[in-house]
1. Return the residues of the range 5-24 that are open to solvent by less than 100 Å² (accessible area, probe 1.4 Å) and either closer than 30 Å to Asn125 by Cα or not aliphatic (A, V, I, L, M) (or both); say none if nothing qualifies.
2. Need the failing condition index for Asn159 against (1) of a type outside the set (Val, Ile, Thr); (2) modelled with pLDDT under 90; (3) under 18 Å from Arg54 (Cα atoms), just the number.
3. Sort out which residues of the range 101-134 are more than 25 Å from Gln59 (Cβ to Cβ) and assigned to a helix (DSSP H, G or I), and write them in order of number.
4. So the check is Cβ under 9 Å with 6+ separation or different chains; which pairs have a first residue in the range 144-170 that's outside any helix (DSSP H, G or I) and basic (Lys, Arg) and a second one that's modelled with pLDDT of 80 or more and crowded, with 16+ Cβ neighbours inside 10 Å?
5. Kindly provide the set of residues from the range 101-142 that are hydrophobic (A, V, I, L, M, F, W, C), over 20 Å from His153 (Cβ atoms) and open to solvent by less than 90 Å² (accessible area, probe 1.4 Å), ordered by number.
6. One residue is enough: does the range 30-52 have a residue meeting the conditions over 27 Å from Asn130 (Cα atoms) and surrounded by 10 or more Cβ atoms within 10 Å (Cβ to Cβ)?
7. Can you tell which of Arg68, Arg98 is in a helix (DSSP H, G or I), open to solvent by less than 70 Å² (accessible area, probe 1.4 Å) and among the basic types (Lys, Arg)?
Amino acid sequence: MRKLQPIVLAIFATSLYFMLLPTTIRAAADQIEELRQEQTKSRQQEEINQTRQREQLDQLQRNQQLDRAQQQLDQVKQQRPDLNQPQQQQQINQTQQRLDQIKNEQQLDRLKTDLEINQIQREQNPSRQNQQLNQLQMEQQMNLLKDQQQKLHIQQEINRAGSAFGKPSP
């Protein structure tokens, strides 16, 4: 009977070890999964921050371009020799209205982007958050191209208005 005790004890210890092993493995796997999720969340937050910074920089550049266009249009207005030219006055007024419209559209785009970034940050599903972030970045690129096209169009209008008075704008 004494010889059986160490064997029973060894079997018991081995059984206990194999019963606890899956629990230990699951705990380790859970920790690894938590770390992976934290890394994913951190990476996505960094990408969101970079997107926000890129949007702010793009917005600053757009504002500077619009300010330059406004200054050029103001110069054209000051250079006009005769207010009795309704066609040129109408052209200047239309250009001013278009410039104001672009400023308003950009302000709305900025607010929309801020709302989208806030929504992305609240998203709990990492793959959905990533999808939304990619969509936002694509929208930003499209807005940037649209803004460049509008700026070119406004610049052409200002140049036409300036040349109508004999003084082309720079």
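The values are calculated or read from the model by the stated rules, or taken from the named source; none is laboratory data. Bear in mind the structure is a predicted one, so any value in this text is a computation, not a measurement. Every residue, glycine as well, gets a Cβ built from its backbone with ideal geometry; the counts of neighbours run over all protein chains shown. In case anyone asks, the SASA skips ligands and DNA or RNA and just uses the protein heavy atoms, side chains included. Shrake-Rupley method; radii C 1.70, N 1.55, O 1.52, S 1.80 Å.
1. Passing the criteria: Pro6, Thr14, Ser15, Pro22, Thr23, Thr24.
2. (3)
3. First, the residues of the range 101-134 that are more than 25 Å from Gln59 (Cβ to Cβ): 124-128.
Passing the criteria: Pro126, Ser127, Arg128.
4. Lys167/Val76
5. Restricting attention to the range 101-142, the residues satisfying the condition of being hydrophobic (A, V, I, L, M, F, W, C) are 102, 108, 111, 115, 117, 120, 133, 136, 138, 142.
The next check asks that each one be over 20 Å from His153 (Cβ atoms); those that pass are 111, 115, 117, 120, 133, 136, 138.
Within the range 101-142, Ile117, Ile120, Leu133, Leu136 qualify.
6. As a first pass, look at the range 30-52 and keep what is over 27 Å from Asn130 (Cα atoms): none.
Taking every residue of the range 30-52 in turn, none turns out to be over 27 Å from Asn130 (Cα atoms) and surrounded by 10 or more Cβ atoms within 10 Å (Cβ to Cβ).
7. Values: Arg68 fails: open to solvent by less than 70 Å² (accessible area, probe 1.4 Å).
From the options Arg68, Arg98, the qualifying one is Arg98.
Here is a yes/no grid of residues against (1) out of contact with any helix residue (DSSP H, G or I) (no Cβ under 6 Å at 6 or more places or on another chain); (2) in contact (Cβ under 8 Å) with a residue 60 or more places away in the chain; (3) under 30 Å from Ala161 (Cβ atoms):
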site	(1), (2), (3)
Ile11	yes, no, no
Ser15	yes, no, no
Pro22	yes, no, no
Gln39	yes, no, no
Arg43	yes, no, no
Asn49	yes, no, no
Arg62	no, yes, yes
Gln65	no, yes, yes
Gln79	yes, yes, yes
